[in-house]
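Below is one structure, written out as C-alpha coordinates; the observations come after it.
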Amino acid sequence: MQDTLTLTRPDDWHLHLRDGAALAAVLPFTARQFARAIVMPNLRPPVTTAVQAQAYRERILAALPADADFEPLMTLYLTDNTLPREIGAARAAGVVAVKLYPAGATTNSDAGVTDIRKTYATLEAMQREGLLLLVHGEVTDGEIDVFDREAVFIERVMQPLRRDFPELKVVFEHITTQEAAQYVAASDRFTAATLTPQHLLYNRNALFTGGLRPHYYCLPVLKREQHRQALLRAVASGSPKFFLGTDSAPHAAVLKEASVCGAGCFSAPAALELYAEAFEAIGALDKLEAFASHHGPDFYGLPRNSGRVTLQRAPWQVPETLPFGDALIKPLRGGDTLNWKLL
Ligand code: DOR
Ligand code: ZN
(Lines give C-alpha, C1' and ligand atoms only; values in the text may rest on other atoms or scores of the structure.)
(Ligands and ions follow the chains in the order given, each with its own letter.)
Protein backbone atom coordinates (compact mmCIF):
# COMPACT_ATOMS: atom_id res chain seq x y z
CA MET A 1 0.00 0.00 0.00
CA GLN A 2 1.27 3.42 -0.97
CA ASP A 3 1.92 5.60 2.09
CA THR A 4 3.16 8.86 0.66
CA LEU A 5 2.21 10.79 -2.41
CA THR A 6 4.33 13.69 -3.66
CA LEU A 7 2.77 16.07 -6.16
CA THR A 8 3.63 19.25 -7.97
CA ARG A 9 2.08 22.04 -5.88
CA PRO A 10 -1.61 22.12 -6.77
CA ASP A 11 -3.96 25.02 -7.50
CA ASP A 12 -7.64 25.50 -6.69
CA TRP A 13 -9.44 26.62 -9.84
CA HIS A 14 -12.70 27.57 -8.06
CA LEU A 15 -12.76 29.15 -4.62
CA HIS A 16 -14.88 31.52 -2.50
CA LEU A 17 -12.84 33.64 -0.10
CA ARG A 18 -15.44 36.27 0.93
CA ASP A 19 -14.12 39.50 2.44
CA GLY A 20 -13.19 41.16 5.74
CA ALA A 21 -13.04 38.94 8.83
CA ALA A 22 -14.36 35.92 6.92
CA LEU A 23 -11.56 36.28 4.36
CA ALA A 24 -8.96 36.48 7.11
CA ALA A 25 -10.40 33.34 8.74
CA VAL A 26 -10.49 31.09 5.66
CA LEU A 27 -7.59 32.27 3.49
CA PRO A 28 -4.79 30.57 5.49
CA PHE A 29 -6.30 27.12 4.81
CA THR A 30 -6.20 27.59 1.06
CA ALA A 31 -2.80 29.31 1.09
CA ARG A 32 -1.38 26.29 2.93
CA GLN A 33 -2.74 23.81 0.41
CA PHE A 34 -2.56 25.59 -2.91
CA ALA A 35 -0.14 27.83 -4.79
CA ARG A 36 -2.88 29.73 -6.63
CA ALA A 37 -6.65 29.94 -6.62
CA ILE A 38 -9.30 31.34 -8.90
CA VAL A 39 -11.22 33.65 -6.59
CA MET A 40 -14.96 33.92 -7.18
CA PRO A 41 -16.41 37.44 -7.50
CA ASN A 42 -19.79 36.89 -5.79
CA LEU A 43 -19.23 39.37 -2.98
CA ARG A 44 -21.91 41.81 -1.85
CA PRO A 45 -21.77 43.95 -3.95
CA PRO A 46 -20.23 41.73 -6.64
CA VAL A 47 -16.82 42.38 -8.21
CA THR A 48 -17.92 43.73 -11.57
CA THR A 49 -15.05 46.02 -12.60
CA ALA A 50 -11.30 45.77 -13.09
CA VAL A 51 -10.79 48.40 -10.40
CA GLN A 52 -12.84 46.40 -7.91
CA ALA A 53 -10.96 43.20 -8.79
CA GLN A 54 -7.63 44.93 -8.19
CA ALA A 55 -8.80 46.28 -4.83
CA TYR A 56 -10.10 42.84 -3.83
CA ARG A 57 -6.76 41.28 -4.78
CA GLU A 58 -5.00 43.81 -2.53
CA ARG A 59 -7.28 42.89 0.39
CA ILE A 60 -6.53 39.20 -0.17
CA LEU A 61 -2.78 39.82 -0.28
CA ALA A 62 -3.03 41.91 2.91
CA ALA A 63 -4.88 39.07 4.67
CA LEU A 64 -2.25 36.43 3.81
CA PRO A 65 -0.12 34.97 6.61
CA ALA A 66 3.41 36.44 6.49
CA ASP A 67 5.05 33.17 5.39
CA ALA A 68 2.49 32.35 2.69
CA ASP A 69 3.43 31.79 -0.93
CA PHE A 70 0.08 32.15 -2.63
CA GLU A 71 -1.27 33.98 -5.65
CA PRO A 72 -4.95 34.90 -5.99
CA LEU A 73 -6.18 34.83 -9.59
CA MET A 74 -8.96 37.33 -10.00
CA THR A 75 -12.29 37.14 -11.80
CA LEU A 76 -15.09 39.53 -12.75
CA TYR A 77 -18.77 38.95 -12.18
CA LEU A 78 -20.68 39.10 -15.47
CA THR A 79 -23.90 41.11 -15.52
CA ASP A 80 -26.34 42.07 -18.26
CA ASN A 81 -24.57 45.44 -18.26
CA THR A 82 -20.87 44.49 -18.28
CA LEU A 83 -19.36 46.65 -21.00
CA PRO A 84 -17.01 45.13 -23.59
CA ARG A 85 -14.44 47.80 -22.75
CA GLU A 86 -14.31 46.50 -19.16
CA ILE A 87 -12.76 43.33 -20.57
CA GLY A 88 -9.69 45.15 -21.88
CA ALA A 89 -9.32 46.93 -18.54
CA ALA A 90 -9.72 43.63 -16.70
CA ARG A 91 -7.07 41.94 -18.79
CA ALA A 92 -4.68 44.85 -18.20
CA ALA A 93 -5.35 44.51 -14.45
CA GLY A 94 -4.37 40.83 -14.51
CA VAL A 95 -7.93 39.45 -14.28
CA VAL A 96 -7.94 36.01 -15.92
CA ALA A 97 -11.61 35.08 -16.16
CA VAL A 98 -15.22 36.21 -15.97
CA LYS A 99 -17.90 34.32 -14.05
CA LEU A 100 -21.37 33.71 -15.41
CA TYR A 101 -24.02 33.30 -12.72
CA PRO A 102 -27.49 32.92 -14.15
CA ALA A 103 -29.51 35.45 -12.08
CA GLY A 104 -30.93 33.74 -9.02
CA ALA A 105 -29.03 30.46 -9.47
CA THR A 106 -27.11 30.57 -6.19
CA THR A 107 -25.57 32.63 -3.36
CA ASN A 108 -25.20 36.32 -4.31
CA SER A 109 -26.30 35.76 -7.89
CA ASP A 110 -29.11 38.34 -7.94
CA ALA A 111 -27.01 40.64 -10.12
CA GLY A 112 -26.22 37.79 -12.52
CA VAL A 113 -27.19 37.36 -16.14
CA THR A 114 -30.88 37.25 -17.02
CA ASP A 115 -30.34 36.27 -20.65
CA ILE A 116 -26.98 35.20 -22.08
CA ARG A 117 -27.72 37.02 -25.33
CA LYS A 118 -27.49 40.32 -23.46
CA THR A 119 -23.81 39.60 -22.83
CA TYR A 120 -22.81 38.70 -26.39
CA ALA A 121 -20.76 41.83 -27.10
CA THR A 122 -18.83 41.23 -23.88
CA LEU A 123 -18.29 37.54 -24.65
CA GLU A 124 -16.98 38.61 -28.06
CA ALA A 125 -14.44 40.86 -26.30
CA MET A 126 -13.44 38.00 -23.97
CA GLN A 127 -12.90 35.64 -26.88
CA ARG A 128 -10.70 38.28 -28.52
CA GLU A 129 -8.76 39.20 -25.35
CA GLY A 130 -8.30 35.61 -24.18
CA LEU A 131 -10.24 35.83 -20.92
CA LEU A 132 -11.93 32.61 -19.86
CA LEU A 133 -15.66 32.27 -19.15
CA LEU A 134 -16.42 30.33 -15.96
CA VAL A 135 -19.94 29.03 -15.90
CA HIS A 136 -22.34 28.19 -13.09
CA GLY A 137 -24.22 25.74 -15.29
CA GLU A 138 -27.77 25.61 -14.00
CA VAL A 139 -30.96 27.05 -15.44
CA THR A 140 -33.06 29.01 -12.97
CA ASP A 141 -36.43 28.21 -14.54
CA GLY A 142 -38.76 27.30 -11.65
CA GLU A 143 -40.47 24.75 -13.89
CA ILE A 144 -37.31 22.67 -14.05
CA ASP A 145 -36.68 20.24 -11.22
CA VAL A 146 -33.67 21.31 -9.15
CA PHE A 147 -31.92 18.00 -9.90
CA ASP A 148 -32.31 18.53 -13.67
CA ARG A 149 -31.10 22.12 -13.89
CA GLU A 150 -27.56 21.28 -14.96
CA ALA A 151 -28.61 18.89 -17.72
CA VAL A 152 -31.12 21.41 -19.09
CA PHE A 153 -28.48 24.15 -18.99
CA ILE A 154 -26.39 22.17 -21.48
CA GLU A 155 -29.16 22.26 -24.08
CA ARG A 156 -30.41 25.76 -23.42
CA VAL A 157 -27.17 27.64 -22.82
CA MET A 158 -23.97 25.65 -23.35
CA GLN A 159 -24.70 24.37 -26.83
CA PRO A 160 -25.68 27.78 -28.29
CA LEU A 161 -22.77 29.41 -26.44
CA ARG A 162 -20.24 26.97 -27.87
CA ARG A 163 -21.70 27.42 -31.34
CA ASP A 164 -21.60 31.23 -31.17
CA PHE A 165 -18.17 31.58 -29.48
CA PRO A 166 -16.19 28.55 -30.59
CA GLU A 167 -12.83 29.92 -29.44
CA LEU A 168 -13.90 31.30 -26.08
CA LYS A 169 -12.37 29.10 -23.38
CA VAL A 170 -15.20 27.94 -21.14
CA VAL A 171 -14.96 26.14 -17.81
CA PHE A 172 -18.13 24.30 -16.84
CA GLU A 173 -17.69 24.73 -13.09
CA HIS A 174 -18.41 22.14 -10.40
CA ILE A 175 -20.06 19.61 -12.69
CA THR A 176 -22.40 17.20 -10.96
CA THR A 177 -24.04 15.04 -13.63
CA GLN A 178 -23.35 12.32 -16.14
CA GLU A 179 -24.72 14.64 -18.83
CA ALA A 180 -22.16 17.35 -18.01
CA ALA A 181 -19.26 14.88 -17.76
CA GLN A 182 -20.15 13.41 -21.16
CA TYR A 183 -20.70 16.82 -22.70
CA VAL A 184 -17.30 18.08 -21.60
CA ALA A 185 -15.47 14.86 -22.50
CA ALA A 186 -16.91 15.04 -26.02
CA SER A 187 -16.27 18.75 -26.56
CA ASP A 188 -13.27 20.35 -28.24
CA ARG A 189 -10.19 21.79 -26.54
CA PHE A 190 -11.93 25.07 -25.64
CA THR A 191 -14.16 23.44 -23.00
CA ALA A 192 -13.13 21.99 -19.63
CA ALA A 193 -14.69 21.36 -16.22
CA THR A 194 -13.87 21.57 -12.54
CA LEU A 195 -14.94 18.98 -9.96
CA THR A 196 -15.43 19.47 -6.22
CA PRO A 197 -14.49 17.01 -3.48
CA GLN A 198 -18.09 16.72 -2.29
CA HIS A 199 -19.46 15.75 -5.69
CA LEU A 200 -16.77 13.07 -6.04
CA LEU A 201 -17.33 11.69 -2.53
CA TYR A 202 -21.08 11.94 -1.94
CA ASN A 203 -24.40 11.39 -3.59
CA ARG A 204 -27.65 13.08 -2.56
CA ASN A 205 -28.27 10.55 0.23
CA ALA A 206 -25.65 12.49 2.21
CA LEU A 207 -28.16 15.34 2.51
CA PHE A 208 -30.69 13.15 4.32
CA THR A 209 -28.71 10.66 6.42
CA GLY A 210 -30.58 10.43 9.74
CA GLY A 211 -32.06 13.91 9.22
CA LEU A 212 -31.44 16.99 7.14
CA ARG A 213 -27.71 17.69 6.79
CA PRO A 214 -27.17 21.34 5.92
CA HIS A 215 -23.38 21.09 5.71
CA TYR A 216 -23.76 18.85 2.65
CA TYR A 217 -25.98 21.37 0.90
CA CYS A 218 -24.28 23.20 -1.96
CA LEU A 219 -25.25 24.27 -5.45
CA PRO A 220 -25.42 22.52 -7.79
CA VAL A 221 -26.96 20.12 -5.27
CA LEU A 222 -25.53 16.60 -4.82
CA LYS A 223 -27.00 14.15 -7.31
CA ARG A 224 -27.80 10.43 -7.58
CA GLU A 225 -25.08 7.78 -7.31
CA GLN A 226 -25.12 7.13 -11.07
CA HIS A 227 -23.97 10.72 -11.60
CA ARG A 228 -21.24 10.50 -8.98
CA GLN A 229 -19.98 7.37 -10.74
CA ALA A 230 -19.84 9.28 -14.02
CA LEU A 231 -17.79 12.04 -12.38
CA LEU A 232 -15.39 9.45 -10.96
CA ARG A 233 -15.00 7.88 -14.39
CA ALA A 234 -14.24 11.32 -15.82
CA VAL A 235 -11.38 11.97 -13.38
CA ALA A 236 -10.12 8.38 -13.59
CA SER A 237 -9.89 8.74 -17.38
CA GLY A 238 -7.02 11.16 -16.90
CA SER A 239 -8.52 13.49 -19.48
CA PRO A 240 -6.94 16.98 -19.32
CA LYS A 241 -10.43 18.50 -19.55
CA PHE A 242 -11.12 17.77 -15.88
CA PHE A 243 -9.36 19.53 -13.04
CA LEU A 244 -9.53 20.54 -9.40
CA GLY A 245 -11.86 23.30 -8.22
CA THR A 246 -13.03 22.91 -4.64
CA ASP A 247 -15.86 25.45 -4.67
CA SER A 248 -15.04 25.79 -0.98
CA ALA A 249 -17.79 28.21 0.05
CA PRO A 250 -17.72 29.33 3.68
CA HIS A 251 -20.93 30.21 5.54
CA ALA A 252 -21.18 30.72 9.30
CA ALA A 253 -22.53 27.63 11.08
CA VAL A 254 -25.53 29.60 12.43
CA LEU A 255 -26.53 30.43 8.86
CA LYS A 256 -26.10 26.84 7.67
CA GLU A 257 -28.12 25.48 10.59
CA ALA A 258 -31.05 27.84 10.06
CA SER A 259 -34.55 27.49 8.64
CA VAL A 260 -33.13 28.68 5.33
CA CYS A 261 -29.64 27.28 4.80
CA GLY A 262 -27.18 28.92 2.45
CA ALA A 263 -25.57 26.74 -0.23
CA GLY A 264 -21.92 25.85 0.19
CA CYS A 265 -19.50 23.31 1.63
CA PHE A 266 -16.40 24.67 3.37
CA SER A 267 -13.78 22.16 2.25
CA ALA A 268 -10.63 24.30 2.33
CA PRO A 269 -9.11 22.88 5.57
CA ALA A 270 -8.92 19.35 4.11
CA ALA A 271 -9.35 19.85 0.38
CA LEU A 272 -6.44 17.88 -0.99
CA GLU A 273 -6.95 15.11 1.55
CA LEU A 274 -10.58 14.76 0.48
CA TYR A 275 -9.61 14.49 -3.17
CA ALA A 276 -6.98 11.89 -2.26
CA GLU A 277 -9.68 9.87 -0.49
CA ALA A 278 -11.93 10.02 -3.56
CA PHE A 279 -9.16 9.06 -5.98
CA GLU A 280 -7.90 6.24 -3.75
CA ALA A 281 -11.40 4.77 -3.46
CA ILE A 282 -11.42 4.18 -7.22
CA GLY A 283 -7.78 3.10 -7.47
CA ALA A 284 -6.81 6.28 -9.31
CA LEU A 285 -4.25 7.90 -6.99
CA ASP A 286 -1.86 7.92 -9.95
CA LYS A 287 -4.23 10.41 -11.66
CA LEU A 288 -4.38 12.87 -8.77
CA GLU A 289 -1.31 14.93 -9.61
CA ALA A 290 -2.34 15.79 -13.15
CA PHE A 291 -5.89 16.59 -11.98
CA ALA A 292 -4.71 18.79 -9.12
CA SER A 293 -1.59 20.36 -10.59
CA HIS A 294 -1.29 20.05 -14.39
CA HIS A 295 -4.61 20.19 -16.21
CA GLY A 296 -5.75 23.48 -14.67
CA PRO A 297 -2.72 25.64 -15.55
CA ASP A 298 -2.49 23.96 -18.96
CA PHE A 299 -6.08 24.92 -19.78
CA TYR A 300 -5.68 28.46 -18.45
CA GLY A 301 -2.42 28.88 -20.37
CA LEU A 302 -0.45 29.52 -17.17
CA PRO A 303 2.80 27.87 -16.07
CA ARG A 304 2.61 24.81 -13.84
CA ASN A 305 3.92 25.34 -10.31
CA SER A 306 7.46 24.33 -9.53
CA GLY A 307 7.26 23.35 -5.83
CA ARG A 308 6.15 19.98 -4.43
CA VAL A 309 3.76 18.93 -1.67
CA THR A 310 3.51 15.59 0.11
CA LEU A 311 0.47 13.73 1.31
CA GLN A 312 1.07 11.04 3.90
CA ARG A 313 -1.14 8.19 5.02
CA ALA A 314 -1.52 9.42 8.60
CA PRO A 315 -4.93 9.60 10.30
CA TRP A 316 -5.96 13.02 11.59
CA GLN A 317 -9.18 14.57 12.73
CA VAL A 318 -10.72 17.49 10.88
CA PRO A 319 -11.69 20.15 13.46
CA GLU A 320 -15.42 20.17 14.13
CA THR A 321 -15.59 23.97 14.24
CA LEU A 322 -13.23 26.81 13.42
CA PRO A 323 -13.35 30.54 14.16
CA PHE A 324 -15.01 32.62 11.46
CA GLY A 325 -14.86 36.29 12.43
CA ASP A 326 -17.30 36.67 15.32
CA ALA A 327 -18.94 33.39 14.41
CA LEU A 328 -18.00 29.72 13.92
CA ILE A 329 -17.74 27.65 10.80
CA LYS A 330 -18.02 23.88 10.33
CA PRO A 331 -15.74 22.40 7.71
CA LEU A 332 -16.83 19.56 5.47
CA ARG A 333 -16.22 16.30 7.39
CA GLY A 334 -15.54 18.22 10.61
CA GLY A 335 -15.01 15.76 13.49
CA ASP A 336 -14.20 12.88 11.10
CA THR A 337 -10.86 11.15 10.79
CA LEU A 338 -9.24 11.31 7.36
CA ASN A 339 -6.55 8.90 6.24
CA TRP A 340 -4.44 11.26 4.16
CA LYS A 341 -2.71 14.28 5.61
CA LEU A 342 -0.96 17.08 3.81
CA LEU A 343 2.45 17.59 5.42
O1 DOR B 1 -22.76 25.98 -2.99
C2 DOR B 1 -22.44 27.04 -3.49
N3 DOR B 1 -21.98 28.07 -2.75
N4 DOR B 1 -22.60 27.20 -4.80
C5 DOR B 1 -22.42 28.38 -5.40
O6 DOR B 1 -22.60 28.45 -6.58
C7 DOR B 1 -22.07 29.58 -4.61
C8 DOR B 1 -21.43 29.24 -3.36
C9 DOR B 1 -21.34 30.39 -2.36
O10 DOR B 1 -20.93 31.47 -2.75
O11 DOR B 1 -21.66 30.18 -1.19
ZN1 ZN C 1 -18.67 28.49 -6.45
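Structure notes:
- No other residue among Thr119, Thr107 is among the β-branched types (Val, Ile, Thr) and assigned to a helix (DSSP H, G or I) apart from Thr119.
- Just one of the listed residues (Pro45, Pro65) is in contact (Cβ under 8 Å) with a residue 24 or more places away in the chain and under 30 Å from Gln127 (Cβ atoms), namely Pro45.
- For first residues located in the stretch 13-33 and farther than 15 Å from Leu328 by Cβ, partners that are of a type in the set (S, T, N, Q) and in a helix (DSSP H, G or I) and lie 6+ apart or on another chain with Cβ distances below 9 Å form the pairs Leu15/Thr30; Leu17/Thr30.
- Residue check for Val135: under 18 Å from the mean Cα position of the chain (by Cα) and farther than 23 Å from Lys223 by Cβ: no
- Filter result for Ser267 (of a type in the set (Ser, Thr, Tyr), surrounded by 21 or more Cβ atoms within 10 Å (Cβ to Cβ) and either within 20 Å of Thr177 (Cα to Cα) or within 16 Å of ligand 2 (Cβ to nearest atom) (or both)): yes
- Qualifying residue in the stretch 245-257 (condition: within 18 Å of Asn42 (Cβ to Cβ), surrounded by fewer than 22 Cβ atoms within 10 Å (Cβ to Cβ) and not aliphatic (A, V, I, L, M)): yes
- Pairs where the first residue, in the stretch 240-252, is at pLDDT 95 or above and part of a strand (DSSP E or B) and the second is of a type outside the set (A, V, I, L, M, F, W, C) and within 9 Å of ligand 1 (Cβ to nearest atom), C-beta under 7 Å, 6+ apart: Ser248/His16
- The requirement of being under 30 Å from Val221 (Cβ atoms), away from ligand 2 (no atom under 16 Å from the Cβ) and buried (at least 17 other Cβ atoms within 10 Å of the Cβ) is not satisfied by Ala90.
- Extreme residue, nearest to ligand 2 (Cβ to nearest atom), among residues of the stretch 270-284 that are buried (at least 17 other Cβ atoms within 10 Å of the Cβ) and among the hydrophobic types (A, V, I, L, M, F, W, C): Ala271
- Qualifying residue in the stretch 68-77 (condition: modelled with pLDDT of 95 or more, touching a strand residue (DSSP E or B) at 6+ places or on another chain (Cβ under 8 Å) and in a loop (DSSP other than H, G, I, E, B)): yes
The values are calculated or read from the model by the stated rules, or taken from the named source; none is laboratory data. Nothing here was measured: the structure is a model prediction, and the numbers come from that model. Positions of Cβ are backbone-derived with ideal geometry, glycine not excepted, and every protein chain shown enters the neighbour counts.
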